[in-house]
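Below you'll find the structure, written out as structure tokens, and then a few comments.
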């Protein structure tokens, strides 16, 4: 069964996919060659993550493991992910996404701080654009990036979801994750 998620590009091999229910909604996990390449949201804007056609393969080992680790994350049993990752992006995007993986669970960083961290202090807007194109939401924690002064800014899953993820990591018990 082939399913469409987000914007697709033609000519490439079919990718393995698995859709899972989470406390923040349905997520589609996508893998290629044994590595996780994307986690998409139902209402992803077209073109945010460009993917080849997807085939429903819920038993693909990396997708099974990703589902388990995400379940553990939402149950507050996991604060980091240990998965083979292969996000597709430009060298600059890859650099930003690597920096995102250094943000500790329960903490946030500003776009400006990420720009300084990667040695490009004037590239704050480009960091924001790369953050917005992160194909591995939650696992590569783009939700931990906030605007100057700590205000919440865009997130592919929506600001309410970003708020939920940050509250989960802050261990606020009144959320519907328990």
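The values are calculated or read from the model by the stated rules, or taken from the named source; none is laboratory data. Just so we're clear, the structure is a prediction, and the values are computed from it rather than from any experiment. In this analysis, Cβ positions are derived from the backbone assuming ideal geometry, glycine residues included, and neighbour counts consider all displayed protein chains.
Residue 36 satisfies every condition listed in (1) under 15 Å from the mean Cα position of the chain (by Cα); (2) in a loop (DSSP other than H, G, I, E, B); (3) surrounded by 14 or more Cβ atoms within 10 Å (Cβ to Cβ) except (2).
Would you be able to tell me the number of residues in the stretch 55-99 that are in contact with a strand residue (DSSP E or B) (Cβ under 7 Å, 6 or more places away or on another chain) and assigned to a helix (DSSP H, G or I)?
Initially, the stretch 55-99 is screened for residues in contact with a strand residue (DSSP E or B) (Cβ under 7 Å, 6 or more places away or on another chain), giving 55-58, 60, 62-63, 66-67, 70, 74, 83-88.
Now drop any that are not assigned to a helix (DSSP H, G or I), which leaves 62-63, 66-67, 70, 74.
Number of matching residues: 6.
When 104, 42, 46 are checked against the criterion of being part of a loop (DSSP other than H, G, I, E, B), assigned by TED's automatic domain parsing to the domain that holds residue 156 and free of Cβ contacts under 8 Å to residues at least 60 places away in the same chain, a single residue qualifies: 104. If we scan the stretch 42-54, do we find a residue that is over 14 Å from the mean Cα position of the chain (by Cα), surrounded by 14 or more Cβ atoms within 10 Å (Cβ to Cβ) and either modelled with pLDDT of 95 or more or farther than 28 Å from residue 129 by Cβ (or both)? Looking for residues that are over 14 Å from the mean Cα position of the chain (by Cα), surrounded by 14 or more Cβ atoms within 10 Å (Cβ to Cβ) and either modelled with pLDDT of 95 or more or farther than 28 Å from residue 129 by Cβ (or both), one finds none in the stretch 42-54, hence no.
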